[in-house]
Structures are given as C-alpha cells and as structure tokens.
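S.K.: Quick one: the structure is below, questions incoming.
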C-alpha cells in the first residue's frame, strides 16, 4: 500500500471519529476510492444570489483526494453551491487552502468549510475569488451561528515536541480523561 492510500485510510478514520462524536451534524458519510461524501446537517449557510439569499442548514459535500495527495491538497465541493466569495457557482468547488501543508487533514478541511459556511472567513485575494457578487455581499451578510463540533482526541493535531530538556510543571492540556474532548466553534 502506498503513502497516498495509507493517508486516505487514516483520513477516513478521522472522519468516522468526527462523525461519531457529532451525530447531529453528520447525518451520513460515505467513501469511494478517491472521495468522501458528507451529508451535513445543522450547518447554516447562505444559498442563492445576492438579491435572493436564504439560509439552508443541510448540505451535501464531497472531498476529493487528487492523484498526488498529500503533496496536492484535497478538494472540497458543495453539491449545491453556497453564496460565498470562495465557492464556484458552476462546480461547487470551495477554495479551502490559502497556504496548504501536507499535514492538514480532512478535519481541517471540515473546520474551514464550516467557517466558510458561517461567513466567518473569506479569502479576498483575486486568485481565490469565484463569486464577485459575494464580495459585495460580505458586508450585507451577517455571520451565522453554528453548533460547535466536538473534536475527539484522535482528530486533534499532534502537539509540537518541546525543544528543550526542561520539563513542564503544569499545562491546560493535562486534563482528566473525562475532559479530553474539545469543542470547536466552527
């Protein structure tokens, strides 16, 4: 099994853990050879045009793993495009990565997607703009509140290793076992 396939298997395990911890948000997940499909609920986003917008809370998403993943980033697509400057109306492609790093996972992609859906983030760089009307609508569209996701331990990024031989005396990360899940606001 090559690096790409091992990594996609690990990504599926992360998605399954995230979905299990958040059953109200992830109504269904499915996997094919190069993509994951997610039926996301209770996740509001603006749909429609600048003049005829409405909020929908259910969205079908596809995350596609390109041939040279993880050297190339995974791609996100909305089955029905949302009203956002970084979402292509024709294809549903969502521009997730401003500066992609191979260490980023499906969990990062979902957190960024939900922040985009809520209108909390937008990349206004010309290369990342796909809906010009949405640029004008940014100030007109209030951010949407979303149920936070619970991030199980396996979905959290690894902690950086200390660079010195000094030992930590205390840390907010030294939590009892019952408090080891983290809530994330997007």
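The values are calculated or read from the model by the stated rules, or taken from the named source; none is laboratory data. What you are looking at is a predicted structure, and each value in this text was computed from that prediction instead of being measured. Cβ sites come from the backbone with ideal geometry, for glycine too, and all protein chains shown count toward neighbours.
S.K.: Spot the failing condition for residue 86; the list is (1) at pLDDT 95 or above; (2) more than 21 Å from residue 157 (Cβ to Cβ); (3) within 14 Å of the chain's Cα centre (by Cα), and only one is missed.
M.R.: (1)
S.K.: Would a scan of region 112-135 turn up a residue that is in contact (Cβ under 8 Å) with a residue 60 or more places away in the chain, in a loop (DSSP other than H, G, I, E, B) and farther than 30 Å from residue 158 by Cα?
M.R.: No, region 112-135 contains no residue that is in contact (Cβ under 8 Å) with a residue 60 or more places away in the chain, in a loop (DSSP other than H, G, I, E, B) and farther than 30 Å from residue 158 by Cα.
S.K.: Also: For region 60-80, how many residues are surrounded by fewer than 17 Cβ atoms within 10 Å (Cβ to Cβ) and touching a strand residue (DSSP E or B) at 6+ places or on another chain (Cβ under 8 Å)?
M.R.: Qualifying residue count for the region: 5.
S.K.: Can we say residue 3 is more than 27 Å from residue 153 (Cβ to Cβ) and over 14 Å from the mean Cα position of the chain (by Cα)?
M.R.: So residue 3 fails the test.
S.K.: Residue by residue through region 94-118, note down the ones that are touching a strand residue (DSSP E or B) at 6+ places or on another chain (Cβ under 7 Å) and surrounded by 22 or more Cβ atoms within 10 Å (Cβ to Cβ).
M.R.: Matches in region 94-118: 94, 96, 106, 109, 113, 116, 117.
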